[in-house]
Each structure stands twice: as structure tokens, then as C-alpha cells.
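Since the structure comes first, as C-alpha cells, the remarks are kept for the end.
The values are calculated or read from the model by the stated rules, or taken from the named source; none is laboratory data. Fair warning: this is a prediction, and the values are worked out from it, not measured in the lab. FYI the Cβ positions are ideal-geometry reconstructions off the backbone, even for glycines, and counts take in every protein chain you see. Just so you know, the surface numbers come from the protein's heavy atoms only, side chains and all, with ligands and any DNA or RNA stripped out. Shrake-Rupley method; radii C 1.70, N 1.55, O 1.52, S 1.80 Å.
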Amino acid sequence: MNPTSPFSLAVAAIVLLTLFGVPIGQAMIGGSILYLWLKGMDMGSAAEQLLNSTYSSYLLLAIPLFILAASFMSSGSVLDRLLRWCNALVGRFPGGLAQVNVLQSVVFASMSGSALADAAGSGKLMQTMMTRDGRYPASFAAALTAVSAVIGPILPPSIPLVLYALVSGTSIGYLFLAGVLPGLLLGAVQMALIHRLARRHRFPVEDAVPLRELPRITREALPALMMPVLLLGCLYSGITTPTEAAGVAAAYALLIAAFYYRSLNLRDVYQSLQQSARTSVSIGILIAGATVFNFVITSENIPASLSTAMRGLDLSPLTFLLLANLLLLVLGAFLEGSTIILVILPVLLPTAVALGVDPVHFGVVAVLNIMIGLVTPPYGLLLFMMTKIANVALGELVRATLPFLGVMMMALAITTLWPGFVLFLPRLAGYGG
């Protein structure tokens with residue numbers, strides 16, 4: 001690639017702006033405008049692409065609604081009941097509170113859809129509980145909180161999968177179903193490792209909750225646990241579109257948090273709306289910037305050229321997936337996940353489809369790679385986040401994370417090598433892939 005070509009200069013401008021602290025979405029818009037100017041194209045095309053990206057996709061409305069639902073469901077009373085239910089189920093096993101940390105990530109996945117939100121919210125609470133009175137080493141608790149937070153964006157409702165549906169045109173309903181088994185597998189391998197580590201290091205076991213108490217605890221947590229059932233029921237019954245299902249989820253979260261659990265007042269609702277709006281705007285700017293930059297990438301004919309080059313190498317679908325895994329793991333350790341989904345995956349997807357890789361399978365594998373990248377040393381975003389939350393040294397945190405990375409790579413290998421595992425539930429629901 002010519003280092004003085006308009007595209008190279010546009011990429012350099014994006015990198016430079018990012019290094020100066022400009023948000024990545026705005027940096028992509030700035031670099032794209034530079035490209036249009038250098039090519040002598042109408043710079044109004046940037047505004048046209050930006051408006052098209054934010055106003056022509058009805059699916060985009062699902063993102064702020066899922067974020068709002070998560071904000072309503074993160075109120076104290078709801079969290080307490082769900083954590084109590086998780087503790088009643090797995091607290092009695094070796095490494096009880098560590099097991100609860102993983103299970104609560106699986107449960108809260110139905111409310112946040114974001115690894116960072118899970119780690120900063122319920123994960124921060126679990127970190128405090130695990131390190132109280134020196135019960136678990138701070139580095140182990142922080143590592144576990146980071147790796148368990150990765151589960152959330154694989155299970156529905158997943159904001160990364162919504163973004164992938166946006167750029168790929170794939171059914172969000174089938175993507176949500178495809179993420180269920182890989183997400184549960186990720187939780188299972190983490191819990192199995194905890195069981196082994198707990199016996200080796202003699203981690204404490206929580207006081208067993210009497211089995212006669214389990215029905216009552218389940219009954220108290222049931223309205224919150226019904227959130228994913230309601231969401232998937234709306235999607236697959238055909239009653240609602242994905243965006244309407246997100247609206248139903250937000251309304252349901254508000255109703256049970258405010259009236260059933262009585263943990264929300266008007267001030268809390270206002271703060272939830274504010275917080276959700278800020279998060280949604282930041283994601284919206286990123287989507288707009290990525291769409292403008294994707295117009296530049298398409299103008300350079302990069303996806304088609306890459307697809308032709310890959311076909312010329314005579315790659316098998318498996319070889320392509322392994323190369324894509326490597327690329328996405330590396331990028332995930334350096335870049336924010338949404339940027340990779342919005343900018344990199346549209347370049348890789350035509351090649352994947354041309355080689356016969358199922359787009360739903362590819363989407364789940366890609367998101368799983370990107371999420372693991374969040375806890376991949378040395379620059380995984382969740383690692384840096386947990387060093388601040390837990391006040392532990394990065395080196396100690398990385399050492400505690402490595403065993404979990406090993407079992408997560410096993411889950412990634414199963415997900416990559418066995419498409420039928422990922423597509424089992426979508427096919428039951430009528431998917432023809």
C-alpha cells in the first residue's frame with residue numbers, strides 16, 4: 001500500500017487523532033472526510049453516510065432499549081435477590097463465592113449485554129465480597145471478575161451481536177439463539193476450573209442454604225430471571241420485531257423493579273434514563289463513524305479485493321476461521337470491541353461467506369474472540385479496568401488470569417471447530433444455515 005495514498009493518509013489521521021485523545025468514532029469521521037477531500041469526492045458524502053447509518057436502521061433502537069433495561073434491573077433490591085439465588089445454587093460447592101461470581105455473570109447477561117457493564121456493576125460487588133476478610137486473594141478475585149464478565153456479551157441480549165446483525169444483515173433472533181450454548185460453555189469451563197483451583201488452594205465454601213429455602217428464594221428471584229424468557233419468547237413467537245422486543249424488555253424491567261421489587265423511585269428512573277442516554281450516544285457516534293469509514297473502505301474496494309485474494313490462496317473454511325481467530329484475538333487485545341465489529345468484520349465477512357462459512361456461526365465465533373481479547377495480556381481493556389477497581393498490580397492480575405484464558409481457549413476451539421454446536425438452537429427454531 002502506498003504510504004502517501006489517500007487511504008493511507010486517512011488511516012494515519014485516524015490513528016493520530018486517537019493518540020491525541022479524540023474518541024474513535026469522531027476520529028474515523030475526521031479521517032474519512034480527509035480521504036474524500038484528497039480524492040476530490042463530495043465531502044457531503046460523509047454526512048449522507050452518517051445520516052443513513054443512524055436513521056435508516058430500525059434495529060439500532062434496540063441498543064439504547066437494552067441498555068435502559070439493564071439500568072433498571074441493576075437496582076439494589078434486584079441484585080440482592082439474584083445473588084441470593086446464585087448463592088443458594090452453587091455457594092455450597094468448593095470455591096463457593098467464586099462459583100457464584102460466574103453464575104451471576106450468566107444471570108446478569110440477560111440484563112446488561114456488555115462485559116464492561118457487568119464488570120463495573122455486579123462484578124465490582126462480587127470483587128468486594130470475595131476479598132472481604134481475606135477470603136480470596138485480591139488478584140484471583142479480580143481475574144475471575146474480569147473473565148466471568150466476558151460471558152455476558154455472548155448470551156442474549158448481546159449488544160455486540162446486535163452490532164454484528166447491523167453490519168451483516170443476519171437475523172438478530174438466530175444470532176441470540178446461537179450465542180446461548182457457547183455462552184453457557186464458557187461459564188461451565190470457568191466453573192470447572194474454579195472447582196479444581198478451590199481444592200488445590202482450599203478456597204472457602206459458603207454455608208449451604210437449606211434446600212427447603214430454595215423454592216422461596218427462587219420465587220423471589222423469578223420475575224428478574226424471566227427477562228431472557230420474555231425476550232426470546234417475543235422474538236421467536238413472532239409477536240414483536242427485535243427492536244420491539246427490546247422495548248418490551250425495558251418496560252418489563254421498569255415495572256418489576258419499580259412495582260414488584262419497589263427498588264426504583266422517580267429519581268432512580270431519571271438517573272437511569274440519563275445514564276442510558278450517555279452510553280447510547282457514545283455507541284451511536286461510534287456506529288456513525290464506523291459507517292462513514294466503511295464507505296471509504298468500500299470505495300477502495302478492499303472487501304472484494306481481500307475476498308478475491310483469499311479465494312486465490314485456496315483456503316479451506318477451517319483455515320480461514322483459524323486465521324480470523326488469530327487476527328481478532330490480537331485486535332481484541334488492543335481495540336474496543338465495537339470498533340472491530342463495525343470496521344473489521346464487514347471486511348472479513350464477504351470472504352467468510354464466499355468460502356462457505358455460515359454467517360451466524362462466524363458472528364458468534366468473532367464476538368467470542370473479541371470478548372476474550374478483552375482479558376488478553378498485556379493490553380486487554382478489562383484487565384486495566386480491574387486493576388483500578390480492585391487496586392491490584394497488573395502483573396499479579398495477568399498471572400491469575402492465565403489459567404482462565406487456557407480454558408476459554410478450549411471453549412473457543414469447540415465453538416470454532418464444531419459449527420453444529422453453535423447452530424443447534426437456531427436450526428431448532430427454523431434457521432436454514
Mean Cβ count within 10 Å, highest first, over the residues of peptides 60-66, 402-408: 60-66, 402-408
Two-site FRET efficiency, GLN26 against ARG199, from Cβ-Cβ distance with R₀ of 45 Å, rounded to 0.05: 0.35
Return one whole number: the accessible area per residue of segment 372-433 in Å², for a 1.4 Å probe. 47 Å²
Fraction of accessible area attributable to carbon and sulfur, the chain (%, probe 1.4 Å): 66 percent
Of 345-358, 146-159, ordering from highest average Cβ density within 10 Å down gives 146-159, 345-358
Suppose the chain between ALA192 and SER316 were pulled fully straight at 0.36 nm per residue; how much longer would it get relative to their current alpha carbon spacing? 41.3 nm
Taking trypsin sites (Lys or Arg not before Pro) as exposed when in a DSSP loop with at most 12 other Cβ atoms inside 10 Å, the chain has its longest clean stretch at 1-201
Where does the chain land at 222 nm, in deg cm²/dmol rounded to the nearest 500, when only DSSP H runs of n ≥ 4 count, each adding -39500 (n - 2.57), divided by all residues? -23500 deg cm²/dmol
Enter the angle in degrees (range 0 to 90, nearest 10) between the Cα long axis of helix 44-55 and the first principal axis of the Cα atoms of the chain, meaning the one along which they spread out most. 30 degrees
Semi-axes in Å, largest first, for the chain (Cα gyration tensor, √(5λ)) are 36, 24, 22
Where only protein heavy atoms count, and the probe is 1.4 Å, what is the accessible area per residue for segment 174-305 in Å²? 52 Å²
Between segment 150-168 and segment 234-289, the Cα center-to-center distance that results, in Å: 16 Å
Report the extension gain between TRP418 and ARG267 in nm, rounded to one decimal, defined as 0.36 nm multiplied by the number of residues separating them, less their alpha carbon distance. 49.5 nm
Nearest 10 degrees, 0 to 90: what angle lies between the long axis of helix 381-390 and the longest principal axis of the chain (Cα atoms)? 40 degrees
For the chain, find the longest principal axis of its Cα atoms and tell me its angle to the long axis of helix 242-255, 0 to 90°, nearest 10. 30 degrees
